[in-house]
1. Among L93, L84, L89, which is assigned to a helix (DSSP H, G or I), modelled with pLDDT under 95 and over 16 Å from F58 (Cα atoms)?
2. Starting from the range 60-74, take each residue that is free of Cβ contacts under 8 Å to residues at least 40 places away in the same chain and list its partners that are in a helix (DSSP H, G or I) and buried (at least 19 other Cβ atoms within 10 Å of the Cβ), counting only C-beta distances under 8 angstrom and pairs at least six apart or across chains.
3. Taking the conditions exactly as written (farther than 22 Å from D122 by Cα and either touching a strand residue (DSSP E or B) at 6+ places or on another chain (Cβ under 9 Å) or assigned by TED's automatic domain parsing to the domain that holds A105 (or both)), does A78 satisfy them or not?
4. Go through (1) assigned to a helix (DSSP H, G or I); (2) of a type outside the set (F, W, Y); (3) buried (at least 18 other Cβ atoms within 10 Å of the Cβ); (4) in contact (Cβ under 8 Å) with a residue 12 or more places away in the chain for E38 and report which single condition fails.
5. Search the range 47-67 for residues being more than 25 Å from A91 (Cα to Cα) and among the hydroxyl-bearing types (S, T, Y), and hand back the single one that is surrounded by the fewest Cβ atoms within 10 Å (Cβ to Cβ).
6. Which condition number in (1) over 26 Å from E165 (Cα atoms); (2) touching a residue at least 12 places away in the same chain (Cβ under 8 Å) is the one that R142 fails?
7. Residue check: is V174 touching a Cys at 6+ places or on another chain (Cβ under 9 Å) and of a type in the set (A, V, I, L, M)?
Amino acid sequence: MTRRRLKPEERRDELLDIGAEFFAAKPYDAVLMEEIAERAGVSRALVYRYFPAKRDLFAAIYQRAAERLVAQTEATPARSLDELVRTGLDAHLDYFAANRLTVLAANRTLAGDPVIQAIINDELTTLRADLLDASGLSGGRRETGSATMRSWLVFVREMCLSWLENDAISRDDVRDICHRALLGALAALSGVDRT
């Protein structure tokens, strides 16, 4: 492959794109930086200049994906809570289905990695804030709602991981169960007197 001259940002984006393809196609441990360099038509040293270790490349890929998913599900005044939840679930399930091995690597293989977990926690925090804003809860109910939303997001994450690992349940069933779980939690929350 002929090496092409790219600006540093373009080269970094290209390496992220190529890396994302590899991590989506292979288990984390089977991805080699040499293969990414070869596909990009650059030296392995150049890849390491951008990403000192495979984990750094993976973290950058996962960070970019998290930012894109959050942008797709961003709360706006025109969106109802139900619309926000449905849009968010669809966006995440589509990404998870297309990038099964990447998601499993972040949540299983690299479960103890503080950088990867910070990316996941930041995404969950942003999603929780958007859901909470869309819920219209205020006062003490908002605090209880925040805990409810956080718990629901953790439930969704585990439900999705089970789906990706076992494939015993359909994507639509995962979506419906997660959606109904939030509706049930919010219905229970409405019975809590925290004005």
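1. Going through L93, L84, L89 in turn, just one is assigned to a helix (DSSP H, G or I), modelled with pLDDT under 95 and over 16 Å from F58 (Cα atoms): L84.
2. Pairs that qualify, where the first residue is free of Cβ contacts under 8 Å to residues at least 40 places away in the same chain and the partner is in a helix (DSSP H, G or I) and buried (at least 19 other Cβ atoms within 10 Å of the Cβ), are Q72/G88.
3. yes
4. (3)
5. Y48
6. Every condition holds for R142 apart from (2).
7. For V174, the condition - touching a Cys at 6+ places or on another chain (Cβ under 9 Å) and of a type in the set (A, V, I, L, M) - is met.
Condition check ((1) of a type in the set (S, T, N, Q); (2) in contact (Cβ under 8 Å) with a residue 40 or more places away in the chain; (3) buried (at least 18 other Cβ atoms within 10 Å of the Cβ); (4) assigned by TED's automatic domain parsing to the domain that holds T148) across all residues:
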{"site": "E83", "(1), (2), (3), (4)": "no, no, no, yes"}
{"site": "L89", "(1), (2), (3), (4)": "no, yes, yes, yes"}
{"site": "H92", "(1), (2), (3), (4)": "no, yes, yes, yes"}
{"site": "T102", "(1), (2), (3), (4)": "yes, yes, yes, yes"}
{"site": "A105", "(1), (2), (3), (4)": "no, yes, yes, yes"}
{"site": "I116", "(1), (2), (3), (4)": "no, yes, yes, yes"}
{"site": "N121", "(1), (2), (3), (4)": "yes, no, no, yes"}
{"site": "T125", "(1), (2), (3), (4)": "yes, no, no, yes"}
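The values are calculated or read from the model by the stated rules, or taken from the named source; none is laboratory data. If you're wondering where the values come from, they're calculated on a predicted model, not measured in any experiment. Every residue, glycine among them, receives a Cβ derived from its backbone with ideal geometry; neighbour counts consider all protein chains shown.
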